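The values are calculated or read from the model by the stated rules, or taken from the named source; none is laboratory data. These numbers were taken from a predicted model, which means no experiment stands behind them. Cβ coordinates were reconstructed from backbone atoms using ideal geometry, including for glycine residues, and neighbour counts include every protein chain displayed. Ligands, DNA and RNA are excluded from the accessible area calculation, which covers all protein heavy atoms including side chains. Shrake-Rupley method; radii C 1.70, N 1.55, O 1.52, S 1.80 Å.
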Amino acid sequence: MNERRRSLMGMALLGAMEPLFAMPAAPAARQALDAELAAVVNDPALQLASLSVLAIRAGQPVYEGAFGRRFIGNGALPDKPATPDTLYRIASISKLMTTLGLMRLVEAGRVDLDADVSSYLGFRLRNPHFPERPITLRSLLTHRSSLRDEAGYSWPFATSLKDVLLPGDPKTFSSRAGPGDYFTYCNLGWGVIGTAMERITGERFDLLMGRLLLQPLGITAGYNPSLLPPAALDRLATLYRKRATDTEVWNPQGPWIAQVDDYSARPPAPPAGIATYVPGTNATPFSPTGGLRISARDMGVVMRMLMNGGVHDGRRLFERATLERMFARQWTHDGSNGDSLGGFFYAWGLRNAPFPDRPGMGLVEGGGFEAVGHLGDAYGLRSVFAFDPARANGMVVLAGGVSSDPEQNKGRYSALARYEERILTALYRHAIAGQRAPD
């Protein structure tokens, strides 16, 4: 498929397969949005390998589109276009989904967020610099556990997480801030959370998340690609960059280089050691922190359930109070109580971030969209899951790879890359607010 030809399913596909989608009022707005998103994907300054998006207005999906290629053969194999139901490895938005699974255990009375996580892990987890202060699930969820990523955050099944954390590499724990003191984004905490969830239930993390969240929502997704059914595996996007996987050298004029989920030669193998794995010892190979494969369309199912106060298809999965608790603010940056990573993190809930409608903090150019949700960034992918609970408006963005360094493509009004700003602003203006996005 020609690199500049988009694969837009958009609204034409909807009538045949999803009656809950509502048509935007003006076909011209759809056409303008199609054109703007295609221009972003094919911008010579920074091209995207693929893009799948979804917009929800007043609780109803009103637009979905797909552009570019979920698989790029570079002349050796046929290309495959992106579609609205292309699955992507969504990076850190996986953490929000993992939290939903955890909150189901909270509702079932099996978890107390403020209890010492040691009681769930089966060993005493302590920062050796603050040995009398317990680490709780709440502190892990809000990135204030004092754990750090510098010594790594994923190990093979043969390695017990207990053996990693006890006595522990000094780089694994902050020596300056104890549990609850300071916000530092930490992926390792999610390996701890996933492992605790396994030990509480006796179930393997990937299967547990299927039971708690994915199956009740009727969506095809998973943290273990080897278990995806063949049809879903065929729709899985390979993530790309125009740089080698082990260097920081970009070549925007060169070929697209697969970074992860390239199964063109053979299907994904089960993770090594999974056959003898004992749940509750080390869930990190499933990547509770970033390994969920799911489509924009199915992320919209999750989003609408949250907008509906925990109800999906007439069935209540969560109490409304549980979701209000989850999205309530737990931490706010005051300039000295955490690392905002250059403006990405101003505040935090239980594994989600607010996006205030204020200059420098919002997602949409010119404002108008107050939201909560999460961002993702890994292997060339950038992802956005953001919704306004009060107005039931929301957007999902999955961009499957970039041709040049996004750090050289800085945004104009936020900490996002400029191409992310353009996508979000176009979606909001055309599909939700009914206005034209600025150039």
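The set of residues in the range 381-392 being open to solvent by 10 Å² or more (accessible area, probe 1.4 Å) and over 13 Å from the mean Cα position of the chain (by Cα) consists of Pro389, Ala390, Arg391, Ala392. Which count do you get for residues in the range 254-267 that are touching a Leu at 6+ places or on another chain (Cβ under 8 Å) and farther than 29 Å from Leu46 by Cβ? Selection size over the range 254-267: 1.
Of the residues examined, Met209 is one that is open to solvent by less than 10 Å² (accessible area, probe 1.4 Å), in a helix (DSSP H, G or I) and more than 18 Å from Val117 (Cα to Cα).
Can we say Asp85 is modelled with pLDDT of 95 or more, over 30 Å from Asn251 (Cβ atoms) and either within 19 Å of the chain's Cα centre (by Cα) or open to solvent by less than 10 Å² (accessible area, probe 1.4 Å) (or both)? For Asp85, the condition - modelled with pLDDT of 95 or more, over 30 Å from Asn251 (Cβ atoms) and either within 19 Å of the chain's Cα centre (by Cα) or open to solvent by less than 10 Å² (accessible area, probe 1.4 Å) (or both) - is met. Here the strands (runs of 3 or more DSSP E) wholly within the range 322-439 that include at least 2 residues being of a type in the set (Val, Ile, Thr) are 393-399. Scanning the range 288-312 for residues that are open to solvent by 20 Å² or more (accessible area, probe 1.4 Å) and not in a strand (DSSP E or B) gives Arg297, Asp298, Val301, Arg304, Met307, Asn308. All conditions but one from (1) buried (at least 22 other Cβ atoms within 10 Å of the Cβ); (2) not in a loop (DSSP other than H, G, I, E, B) apply to Asn282; the one that does not is (2).
None of Arg412, Arg351 is in contact (Cβ under 8 Å) with a residue 40 or more places away in the chain, in contact with a Lys or Arg (Cβ under 7 Å, 6 or more places away or on another chain), closer than 28 Å to Asp181 by Cβ and not polar (S, T, N, Q) except Arg351. Within the range 63-77, track down each residue that is surrounded by fewer than 24 Cβ atoms within 10 Å (Cβ to Cβ) and either basic (Lys, Arg) or touching a residue at least 12 places away in the same chain (Cβ under 8 Å) (or both). Result: Gly73, Asn74, Leu77. Scanning the range 252-272 for residues that are over 14 Å from Tyr223 (Cβ atoms) and open to solvent by 40 Å² or more (accessible area, probe 1.4 Å) yields Pro252, Gln253, Pro255, Ile257, Asp262, Tyr263, Ser264, Ala265, Arg266, Pro267, Ala269, Ala272. The conditions of being in contact with a helix residue (DSSP H, G or I) (Cβ under 7 Å, 6 or more places away or on another chain) and modelled with pLDDT under 95 are not met by Tyr419.
Restricting the range 88-109 to residues that are part of a loop (DSSP other than H, G, I, E, B) and either among the hydrophobic types (A, V, I, L, M, F, W, C) or at pLDDT below 95 (or both), the residue that is most open to solvent (accessible area, probe 1.4 Å) is Ala108. If the condition is being of a type in the set (Val, Ile, Thr), within 17 Å of Thr289 (Cα to Cα) and outside any loop (DSSP other than H, G, I, E, B), then the range 177-206 contributes Val192, Ile193, Thr195.
Taking the residues in the range 131-155 that are part of a loop (DSSP other than H, G, I, E, B) and charged (D, E, K, R) as candidates, determine which candidate is farthest from Thr98 (Cα to Cα).
So the residue we want is Glu132.
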